[in-house]
Amino acid sequence: MTGPEGRFAGKRVIVTGGAAGFGEAMARSFAADGASVLVADIDRRGAEKVAADLPSALPCEIDVTSEEQTRAMADTAVEAWGGIDVVCANAGLPHRATNLIDLPTDEFDRMFAVNVRSVYFAARYCVPHMGEGASIIATASIGGIRPRPGMTAYNASKGAVITLVRGLATELAPAIRVNAVLPVSAPTGFDRNTFGSDMPEQVERAVIRGIPMGRRATPEDVANAALFLASDEALSSPASASTSTVGAASSKCPVVPGSEHELAAVDVDDLAGHEAAALAGEVGAGGGDVVRLAEVVDREAGPHGVEVDV
Ligand SMILES: NC(=O)c1ccc[n+]([C@@H]2O[C@H](COP(=O)([O-])OP(=O)(O)OC[C@H]3O[C@@H](n4cnc5c(N)ncnc54)[C@H](O)[C@@H]3O)[C@@H](O)[C@H]2O)c1
């Protein structure tokens, strides 16, 4: 926490998928830094448990694929706190690792309903309650820009999130900033959904070999990136003055897809001392438990924009 009340004192934050993993870490970090937090999740008990630990938090049961429930989530925050300052559209799911042509159609559709449509609904129903300086942060994935075999539908859904974020950023600037974080592999419920268990040891070793930091991300790494993007530091740093590969926009220069700035990026660690890892791509198991690892992310350094790979 910074200062007696915290960086986000008085801010009203919604975190979807807030009962576990990255979302839980975001909820706890925003709360520790002074925010009121709506912990929104399909797992009602999990949301209640996290909210009960926090000084100013409410649980909210929601299936993010539901338009009605998303509207109700926004209304809950507004009724409790009078408005919304930050929305972390974080809830998401992988499918079981398998090649695309073997993936059942309903699983394909589920990827887009949970991972993509949810971000649209969150924006649609929260933005009318958000004012100048507010911020939306979607949890995408490094797989959205560097897909690997075995996770194609999931990665395509995250690619769609990135495009959605970029477009939304241009539409909502200058009042509201829209960003995405692109986590690499982290040990959360995600592993169980992908493998049906914790990540197998030999797979984890292979994953870590592809990560220059020598470890997988942690939920706190991802939460730190989200807090940075939601903070005033992001407004006053060079990052907010221009564009991003993940959709950062600002009052000064919104993202223009295809523009000369579009691929410019600066590591957040350089900007804010944030411990962003240089990371590899998403794990994908294609047939059996063959795991292909992404190459090291080739970061493009430049004076504008911020790419957050955590
Ligand atoms: N863990 C990783 O390796 C990794 C990597 C890249 C991106 N991501 C993304 O991070 C985000 C968070 O995942 P995580 O790793 O923390 O996983 P997690 O399984 O630990 O947490 C996901 C949370 O979302 C909730 N959720 C799932 N479906 C929902 C729905 N329809 N409505 C509301 N809530 C729902 C779950 O109940 C859970 O609490 C997801 O968008 C995921 O795709 C994860």
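The values are calculated or read from the model by the stated rules, or taken from the named source; none is laboratory data. Only a predicted model underlies this, so the values are computations on that prediction, with no experimental measurement involved. Glycine also receives a Cβ, built like all others from the backbone with ideal geometry; neighbour counts cover every protein chain displayed.
Brief remarks on what is shown
- Listed conditions (1) closer than 30 Å to A35 by Cβ; (2) surrounded by 21 or more Cβ atoms within 10 Å (Cβ to Cβ) are all met by T152, apart from (1).
- In summary, T218 fulfils each of the numbered conditions (1) of a type outside the set (F, W, Y); (2) at pLDDT 95 or above; (3) closer than 14 Å to G92 by Cβ with the single exception of condition (3).
- Residues being more than 12 Å from the ligand (Cβ to nearest atom) and not polar (S, T, N, Q) - total across region 204-227: 10
- Unique match (being within 30 Å of P128 (Cβ to Cβ) and in a loop (DSSP other than H, G, I, E, B)) among A156, A223, A180, A175: A175
- Residues of region 169-186 that are surrounded by fewer than 24 Cβ atoms within 10 Å (Cβ to Cβ) and within 15 Å of the chain's Cα centre (by Cα): A186 alone.
- Residues satisfying the stated conditions in region 108-128, i.e. closer than 11 Å to D63 by Cβ and either surrounded by fewer than 16 Cβ atoms within 10 Å (Cβ to Cβ) or in contact with an Asp or Glu (Cβ under 7 Å, 6 or more places away or on another chain) (or both): F121
- Flag for A97 being within 9 Å of the ligand (Cβ to nearest atom) and touching a residue at least 60 places away in the same chain (Cβ under 8 Å): no
- Qualifying residue in region 77-85 (condition: more than 16 Å from the ligand (Cβ to nearest atom), small (G, A, S) and under 24 Å from A186 (Cβ atoms)): no
- Residue within region 65-79 that is modelled with pLDDT of 95 or more, surrounded by fewer than 16 Cβ atoms within 10 Å (Cβ to Cβ) and touching a Leu at 6+ places or on another chain (Cβ under 9 Å) present: no
- Among the candidates F228, F195, residue that is of a type in the set (F, W, Y), under 22 Å from M26 (Cα atoms) and in contact (Cβ under 8 Å) with a residue 12 or more places away in the chain: F228
- Screening A134 on (1) of a type in the set (A, V, I, L, M, F, W, C); (2) over 22 Å from T76 (Cα atoms); (3) at pLDDT 95 or above; (4) crowded, with 22+ Cβ neighbours inside 10 Å shows it passes everything except condition (2).
- Tally of residues being surrounded by fewer than 19 Cβ atoms within 10 Å (Cβ to Cβ), more than 12 Å from the ligand (Cβ to nearest atom) and either within 19 Å of A230 (Cβ to Cβ) or in contact (Cβ under 8 Å) with a residue 24 or more places away in the chain (or both) across region 31-53: 2
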